[in-house]
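Step one of this worksheet: look at the structure below.
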Amino acid sequence: MFLLAGLSSICNASVTCTRCTAGDVEAELAHDGGAVWLALADPTRRRILDLLHDRPRITGDIASHFKISRISIMRHLQVLAASGLVTSRKRGRERWHYINAVPLQQMYERWVDMQTASWASGLLRFGRKVEGPARRMNLDRPAVDVALDVAIAAPRNLVFAALTEDPGGWWGHPYLRPDATGLTLEPRLGGLVVERWDGGGAVVATVTGWTDGSFLQLTGPFHLGLALGVATFRLSDSDDGTTVQFSFRAIGAIEPELVERFAEGWTELIGRRLKTLVETGKRLGVAPDPAG
């Protein structure tokens, strides 16, 4: 397991490291979230996550912020990837690294009371708005750029069916209009994703990519205002079921608050609600009853 070897080989000299055996570390990793805690224990890796929280980056960009070697940065990235905190997507000749918020959300849900969390999140957003500098739209990169890897303990065909045949079972408020009562997806290339309310509805996206059982791409406004978003779902078999590789990129004039909301929203929708629907049958979306 690379995580064990990586932790011992790239330990920062400025950090006091407890000398323990591989067996001790493996026992600690066996507990829920152990790999995440160990990955977060190093200040260099925490700084890498800070950089990726700001925006996706290539390895060279990340390495330029540190005085250690590029090889050391690559090893830190491997440790973060092994813990699930970082995922990557190859675009052309470059590999882009993203923070994968799903493991952090799972830890958050385990220890934080959800009612208290809503107040805390609101205060933090207010603080960042007051203290942070104003952001300008950067036309050189997407306004929203999110990537997630989600493990779901179910066969791929069931995950794809929930994704495409029952979107109302996992997609819902507050990521739809407040008066929305349903959501449908036409399972075909060119099909529409339609949000419905009493007396009307609107197209959220169009199916622009489709491979039975393994690939879905949606392109549309996604409530982004004067912007266009592309959501991509790639499903693959894993030892424990299915891995969903999700990406969302949007270009256009988008308010900073909306950028943050979308990054958090997709983590909630894919990392929690879709996963919960497939694994337990519990419906957390806009439609209380199964499709059909």
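The values are calculated or read from the model by the stated rules, or taken from the named source; none is laboratory data. Worth saying up front: this structure is predicted, and the values here are computed from it rather than measured. Cβ: placed from backbone, ideal geometry, glycine included. Neighbour counts: every protein chain shown. Surface areas here come from the heavy atoms of the whole protein model, side chains and all, with no ligands, DNA or RNA. Shrake-Rupley method; radii C 1.70, N 1.55, O 1.52, S 1.80 Å.
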Quiz prompt | Single unsatisfied condition, G172 versus (1) open to solvent by 10 Å² or more (accessible area, probe 1.4 Å); (2) under 25 Å from T280 (Cβ atoms); (3) part of a loop (DSSP other than H, G, I, E, B) | solution = (1)
Quiz prompt | Single residue of L269, L258, L235 found to be surrounded by 17 or more Cβ atoms within 10 Å (Cβ to Cβ), out of contact with any Pro (no Cβ under 6 Å at 6 or more places or on another chain) and under 16 Å from R156 (Cα atoms) | solution = L235
Quiz item: Of all residues in segment 223-238, which are over 23 Å from R177 (Cβ atoms) and either modelled with pLDDT under 90 or in contact with a Leu (Cβ under 9 Å, 6 or more places away or on another chain) (or both)?
Solution: T232, R234, L235
Self-check item: Residue list for segment 152-166, restricted to those being open to solvent by less than 20 Å² (accessible area, probe 1.4 Å) and not in a loop (DSSP other than H, G, I, E, B)
Solution: I152, V159, F160, A162, L163, T164
Practice problem: Within segment 245-255, work out how many residues are touching a Gly at 6+ places or on another chain (Cβ under 9 Å) and buried (at least 17 other Cβ atoms within 10 Å of the Cβ). | Solution: 6
Practice problem: Scan segment 175-199 residue by residue and report those that are in contact (Cβ under 8 Å) with a residue 60 or more places away in the chain and of a type in the set (F, W, Y). | Solution: Y175
Practice problem: Provide a single number: the residues in segment 234-264 that are outside any strand (DSSP E or B) and touching a strand residue (DSSP E or B) at 6+ places or on another chain (Cβ under 9 Å). | Solution: 7
Quiz item: What is the residue count in segment 222-232 for residues that are open to solvent by 40 Å² or more (accessible area, probe 1.4 Å) and over 11 Å from I254 (Cβ atoms)?
Solution: 1
Self-check item: Hits in segment 55-85 (condition: in a helix (DSSP H, G or I) and under 20 Å from G271 (Cβ atoms))
Solution: L80, A81, A82, S83
Quiz prompt | Residue check for I48: at pLDDT 90 or above and surrounded by 19 or more Cβ atoms within 10 Å (Cβ to Cβ) | solution = yes
Self-check item: Selection count, segment 60-100, where residues are open to solvent by 20 Å² or more (accessible area, probe 1.4 Å) and more than 20 Å from V244 (Cα to Cα)
Solution: 16
Quiz item: Are there any pairs, at least 6 apart or on different chains, whose C-beta atoms fall under 9 Å, with the first in segment 200-216 and closer than 20 Å to S236 by Cβ and open to solvent by less than 60 Å² (accessible area, probe 1.4 Å) and the second assigned to a strand (DSSP E or B) and of a type in the set (K, R), and if so, which?
Solution: S214/R234; F215/R234; L216/R234
Exercise. With the condition kept exactly as written, say whether any residue in segment 280-292 is polar (S, T, N, Q), open to solvent by 40 Å² or more (accessible area, probe 1.4 Å) and more than 19 Å from A231 (Cα to Cα).
Key: yes
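One line per residue, one yes/no per condition, for (1) in contact with a Cys (Cβ under 7 Å, 6 or more places away or on another chain); (2) modelled with pLDDT of 85 or more; (3) not charged (D, E, K, R):
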{"residue": "C17", "(1), (2), (3)": "yes, no, yes"}
{"residue": "G34", "(1), (2), (3)": "no, no, yes"}
{"residue": "R55", "(1), (2), (3)": "no, yes, no"}
{"residue": "K67", "(1), (2), (3)": "no, yes, no"}
{"residue": "I73", "(1), (2), (3)": "no, yes, yes"}
